[in-house]
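Worksheet: the structure to be examined is printed underneath.
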Amino acid sequence: MGRNVSFNRPDGQSLQGYLAEPKSAPNAPALVVIQEWWGLNDQIRGVADRFAEAGYRALVPDLYRGKSTVEAEEANHLMTDLNFGDAAGQDVRGAVAYLKGSGSARCGVTGFCMGGALTTLSAVHVPEMDAGVIFYGYPPLEYVDAAKIKAPLMGHWATRDVPFPIAGVDALEAKLRAAGVAFEFHRYDAMHAFFNETQVGEKRLLPIIEYEPSAAALAWTRTLAFFGRHLR
């Protein structure tokens, strides 16, 4: 369903990405889909494919420039080396501009784990984004200038999340509310990465992550309804 594409960042640098599109809707609304810390792998391509099947043009920017991994130590190294401000303000913003410049009137952003944190930052640094859905990831809150956030947000959070404790979600919620941001947060009795269908039983890459089918299904339904309201 998808194909590799190249697009430019605002600074003119070229970037690769994976683009999945619905078959008969060239002007469909669009989404930038941001990877977990593992990189642009088959799982996140599958998420983009699912969004395309739901009627969206979905672009996954290759933030690691061709690298991906199944090793937590290497994933942590790749994520640590990533400049989050540059990734949001340049990579994601360039992806939004590419989608809007190639037929989509409106464009949302969504991401998972590290991508959730980048979705939060994109709400600050990408004024062109029209809506955002965050899956279990937030940046250090001192980097979230909530006064700059104009797009409505939805967040899906795991109450048993170790990498992103729920107390941080409470603090982010308070910060967004104080700034008058339109948002709705949902909490699930689940562990980190509950939406990632590859993280099951012995296949899990870390003991602190676990796919939770019922939570994933509910989050997906809520996400499609939210983007339907704000992008269609």
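The values are calculated or read from the model by the stated rules, or taken from the named source; none is laboratory data. All of these numbers come straight from a predicted model, not from anything done at the bench. Cβ placement follows ideal geometry from the backbone for every residue including glycine, while neighbour counts extend to all protein chains displayed.
Couple of notes before you dig in:
- Just so you know, in the range 17-37 the residues that are assigned to a loop (DSSP other than H, G, I, E, B) and under 13 Å from the mean Cα position of the chain (by Cα) include one that is farthest from residue 107 (Cα to Cα), and it is 37.
- Criterion (at pLDDT below 95 and of a type in the set (D, E, K, R)) met by exactly one of 23, 100: 23
- Among residues of the range 44-59 that are of a type in the set (D, E, K, R), those with a beta-carbon under 7 Å from a residue that is assigned to a helix (DSSP H, G or I) at least six positions away or on a different chain give the pairs 57/99.
- Whenever a residue of the range 165-188 is of a type in the set (Gly, Ala, Ser), its partners that are surrounded by 15 or more Cβ atoms within 10 Å (Cβ to Cβ) and in a strand (DSSP E or B), lying with C-beta atoms within less than 8 angstrom and at least six residues away or across chains, give the pairs 182/153.
- Residue in the range 31-38 that is at pLDDT 95 or above and more than 24 Å from residue 211 (Cα to Cα) present: no
- Residue 162 surrounded by fewer than 14 Cβ atoms within 10 Å (Cβ to Cβ), closer than 22 Å to residue 76 by Cβ and modelled with pLDDT of 95 or more: yes
- The residue that is nearest to residue 165 (Cα to Cα), among those in the range 197-228 that are in contact (Cβ under 8 Å) with a residue 40 or more places away in the chain and among the aliphatic types (A, V, I, L, M), is 208.
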